[in-house]
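Below: one structure, written as structure tokens.
The values are calculated or read from the model by the stated rules, or taken from the named source; none is laboratory data. On a predicted model such as this, the values are computed, not experimentally measured, just so you know. Note that we place each Cβ from the backbone using ideal geometry, even for glycine, and neighbour counts take in every protein chain shown. For the accessible areas, the whole protein counts, side chains as well, though only heavy atoms, and no ligand, DNA or RNA atoms are used. Shrake-Rupley method; radii C 1.70, N 1.55, O 1.52, S 1.80 Å.
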Amino acid sequence: QVQLVESGGGSVQAGGSLNLSCAASGRASSMGYIAWFRQAPGKEREFVAEVRRTSGYTSYADSVKGRFTISRDNAKNTVYLQMNSLKPKDTAVYYCAARPTTTPRYGNWGQGTQVTVSS
């Protein structure tokens, strides 16, 4: 089991940047993948980005590709989501999630951090 705590959310103007952090505790090393999801008001939760803890392999949703960068610092058990060129459509609660490599679904979730992008 792993505990996840997101931070770094806030309010920013369109075109601005934010860097979200996901701090993991517990059996963090057992989690092969860490990901960011988001949920906007009235919308389903959607995948944003994923990173493999060991290799640094990354994948991104098309909606954020080229603007967001996911990275990890294994020594600190922390995953980051650098968000640049933010748009109002990026407004959502952002959640960190983790899963072992042997599990196809994410079952460990943080509490979320609010990101609000104004025009």
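Scanning the stretch 60-79 for residues that are more than 10 Å from Trp36 (Cβ to Cβ) and in a loop (DSSP other than H, G, I, E, B) yields Asp62, Ser63, Lys65, Gly66, Arg67, Asn77.
Scanning the stretch 25-50 for residues that are modelled with pLDDT under 95 and open to solvent by less than 70 Å² (accessible area, probe 1.4 Å) returns Ser25, Gly26, Ala28, Ser30, Met31, Gly32.
Among the residues of the stretch 80-111, those that are of a type outside the set (Ser, Thr, Tyr), within 13 Å of Gln3 (Cα to Cα) and in a strand (DSSP E or B) comprise Cys96, Ala97, Ala98, Arg99, Asn108, Trp109. Residue count for the stretch 1-13, restricted to those that are small (Gly, Ala, Ser), open to solvent by 50 Å² or more (accessible area, probe 1.4 Å) and over 19 Å from Asp73 (Cα atoms): 1. Within the stretch 81-119, track down each residue that is exposed (fewer than 13 other Cβ atoms within 10 Å of the Cβ) and among the polar types (S, T, N, Q). Within the stretch 81-119, Thr101, Thr102, Gln111, Gln114, Ser118, Ser119 meet the criteria. For the structure I just gave you, tell me whether Arg53 is open to solvent by 50 Å² or more (accessible area, probe 1.4 Å) and either out of contact with any helix residue (DSSP H, G or I) (no Cβ under 9 Å at 6 or more places or on another chain) or modelled with pLDDT of 95 or more (or both). Spelling it out, it is not the case that Arg53 is open to solvent by 50 Å² or more (accessible area, probe 1.4 Å) and either out of contact with any helix residue (DSSP H, G or I) (no Cβ under 9 Å at 6 or more places or on another chain) or modelled with pLDDT of 95 or more (or both).
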